[in-house]
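Shown next, in structure tokens, is the structure this report addresses.
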Amino acid sequence: MVKSGDIVTMALSKGRILEDTLPFLENMGIELIDDPEKSRKLIIETSDPRLRIIIVRASDVPTYVQRGAADIGVAGKDVLVEHDGDGLFEPLDLKIAQCKLMVAVREGVDYDSVIRTGGRLRVATKYVKAARTHFARKGVHVDLIKLYGSMELAPLVGLADAIVDLVSSGKTLQANNLRAVEEIQQISSRLIVSAAALKLKHDLVQPIIDAFERKLV
Ligand code: ADP
Ligand code: MG
């Protein structure tokens, strides 16, 4: 029998983060017992009885790890920037799920002159904190409109003048007649570890961090 103190729980989100994290686990000789993309189970055992995976929303990963419900996790820098609170270490940039946080406007809109003319810029985004910091640095007054998805729609129907969103190929922007005009930050996913686990489960957690790091170099 493995006691719960002898188990490491890793929080992952379905989709690209799970997909891109699996090779790190495979590299350690670890496989998942069920396929999370097919199974409805939210707790997935692995071939290593000392490691289990929990499946959570991408933006919930830091919450589970920070509060010690998971010992370790993988989260996008975008999610980490928006997340408040301490008790989280970010020991490794895994260089997966890479994209950019960008400002985009409708095709044909002269962003620079809109900014220069002043007035409040209405910005729709899921990334309110990152957007607020970015525009404050530029000295641009903004009205931030919090959305949970489909940001591209906002400028098309007059909800906002600009959006702040993640961009990789730019195809979604293009398909919606939008154009990226400013880069805010490069984004990739990070291995995160709870301060408590690093202390109390050091002998279990540190080898996982080391193995992830070895795969990176
Ligand atoms: P969700 O839809 O729940 O936000 P995603 O799988 O779309 O989940 O995103 C998970 C993480 O992957 C994001 O937090 C971000 O770091 C990264 N990501 C999001 N969109 C892209 C993209 N187009 N290309 C690369 N990475 C991305
Ligand atoms: Mg998404």
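Per-structure values
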read-out: Extended-chain gain in nm, criterion 0.36 nm per residue less alpha-carbon gap, R137 and D203; value: 19.5 nm
read-out: Helix 16-27 axis, angle to the chain major axis (alpha carbon atoms, nearest 10°); value: 30
read-out: P(r), alpha carbons of the stretch 1-97 - 5 Å bins starting at zero, rounded %; value: 2, 13, 24, 27, 20, 10, 3, 0
read-out: With Cα atoms, 0 to 90° folded angle of helix 128-138 axis to the chain main axis; value: 50
read-out: Cα pair distances exceeding 21 angstrom across the chain, given as percent; value: 58
read-out: In degrees, nearest ten, helix 202-216 long axis to first principal axis of the chain (Cα); value: 60
read-out: Alpha carbon Rg of the stretch 99-187, scaled by the compact-globule rule 2.2 N^0.38 Å; value: 0.96
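Each value in this text was obtained by applying a stated rule to the coordinates, not by laboratory testing. Source: prediction; values computed, not measured.
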